[in-house]
1. Taking interchain pairs and intrachain pairs at least six residues apart, which have beta carbon atoms under 9 angstrom, with the first residue in the stretch B:204-218 and free of Cβ contacts under 8 Å to residues at least 60 places away in the same chain and more than 8 Å from chain A (Cβ to nearest Cβ) and the second hydroxyl-bearing (S, T, Y) and part of a loop (DSSP other than H, G, I, E, B)?
2. With the requirement that a residue be away from every other protein chain (no Cβ under 12 Å) and part of a helix (DSSP H, G or I), what does the stretch B:136-164 give you?
3. Here are B:E179, B:E172: which of them is farther than 23 Å from B:Y121 by Cβ and within 14 Å of chain A (Cβ to nearest Cβ)?
4. Checking B:L69 against (1) surrounded by fewer than 23 Cβ atoms within 10 Å (Cβ to Cβ); (2) hydrophobic (A, V, I, L, M, F, W, C); (3) modelled with pLDDT of 90 or more, which single condition isn't satisfied?
5. Might you let me know whether the stretch B:185-200 holds any residue that is buried (at least 22 other Cβ atoms within 10 Å of the Cβ) and away from chain A (no Cβ under 12 Å)?
6. Confirm whether B:S107 is farther than 24 Å from B:K33 by Cβ, among the small types (G, A, S) and within 12 Å of another protein chain (Cβ to nearest Cβ).
Amino acid sequence: MSKKKNRLGSSEEILSKIGSRMSSQNSKKKTEDENKNDNSSDKNEEKNNDQQENSSNDEKKETEAVNNSWLDEQKPYRSSFIVKPDMEDNFEDCKRKFRKELRMNLSKQNAIELGWLLLKKLDKEYFSEVKRVSSPDDDLVESLKKIIKEFA
Amino acid sequence: MATIISIVNQKGGVGKTTTTHNLGYALAEKNNKVLLLDLDPQMNLSTTLGIDCYAQKNTIFDVLKDKNLPLGSIIKKTDHNNLDIIPAAFELTGAELEFARKFSSASLLSRSFSNSLKEDYDFILIDCPPSLGILTINALSASDYVIIPMQPEVYGLYGIEMLLSTYEEVQEEVNHDLEIMGVLITMHDARLSLHKEMTEKINEYFKKKVFKTIIKTNTKLKEAQSNNQTVFEYDGRARGAKNYTSLAEEVMEHVEKEE
């Protein structure tokens, strides 16, 4: 009786391991995406309720925000400026990381990106001044260190 | 905004450079603006495109070292209007020593991709070296997707296990959005039962993470390389050209779906 040769040997075992690792990556990403969507839809629902009451106020604020948007003011510098979306969501973590990393050997670009995120989020007078007179291309690390010290 | 794809496998000779070159050309032929980035110190991709890597004033190594040197300044044009390249540099061989394998050095490349540069291209394809060192980690950190070319043989599988660990590490620590676009079966020889059986099993276990396109073994692909050409330029009717056109269509479809 002829027996079929096992050409693949141990390959099938390895394939199965790799396959399950890949699919777990897939499902992990799916769950993350779904959570993100859930959060944003919850936020949207809340927003919709509030919106009816405050529509006129919102319009005012929106116009102000558009006028004061530092991104608009700094348009020429936007090409070299990247802020990861998750930093927007985890602002507190981002702030902590920024403080921690300033004590460590933080690269200039990271400091600038995180610093500009702080400037964008915190509406203090001092920050507005920095926003007005500086650009993401300036060496902001020193002045940002001062800001962090002040608010730490 | 450009979709950045790394072509990665730490095993040598699986078709990373051939895939980067031919996929890039196929995408460019489909009216996409494409930038190829040669991160392999062997410089094969750059040499094939007729660039003398030793004669460059500034190189990708200088960009990684000097934060103020823009990546855009070292881009070279090719004969194809839609296809540009950032050549490799001999100094990349010393990258491991220069930038120790730690995660603070993982974002040197991603940091150098400015938004304006990304807006100039539809696709940026990174040809990675055959290792899982700091250059590959930088490529993964800067990428949206990974394409893993592999021969349907057991040694290729061992490599993928190790690559997955690095991929997971980078995804966890540096680039949460990184995704495997697919495993690309290359150098498939339909006459070999081993290749047929292995391909079936790869499809069974990897499911959607395998490209439907299979790059079949094709002498024209190698002949084209000897002539410093893509298979499209060398013999547009060759099976290799058809395979890479179909791969380009799959890649474009995948990216459009995600958008």
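The values are calculated or read from the model by the stated rules, or taken from the named source; none is laboratory data. Everything quoted here is computed from the prediction, not taken from an experiment. Cβ atoms come from the backbone with ideal geometry, glycine included; neighbour counts cover every protein chain shown.
1. B:I214/B:T186; B:K216/B:T186; B:T217/B:T186
2. Within the stretch B:136-164, B:T136, B:I137, B:N138, B:A139, B:L140 meet the criteria.
3. B:E172
4. Status for B:L69: all satisfied but (3).
5. Taking every residue of the stretch B:185-200 in turn, at least one turns out to be buried (at least 22 other Cβ atoms within 10 Å of the Cβ) and away from chain A (no Cβ under 12 Å).
6. yes
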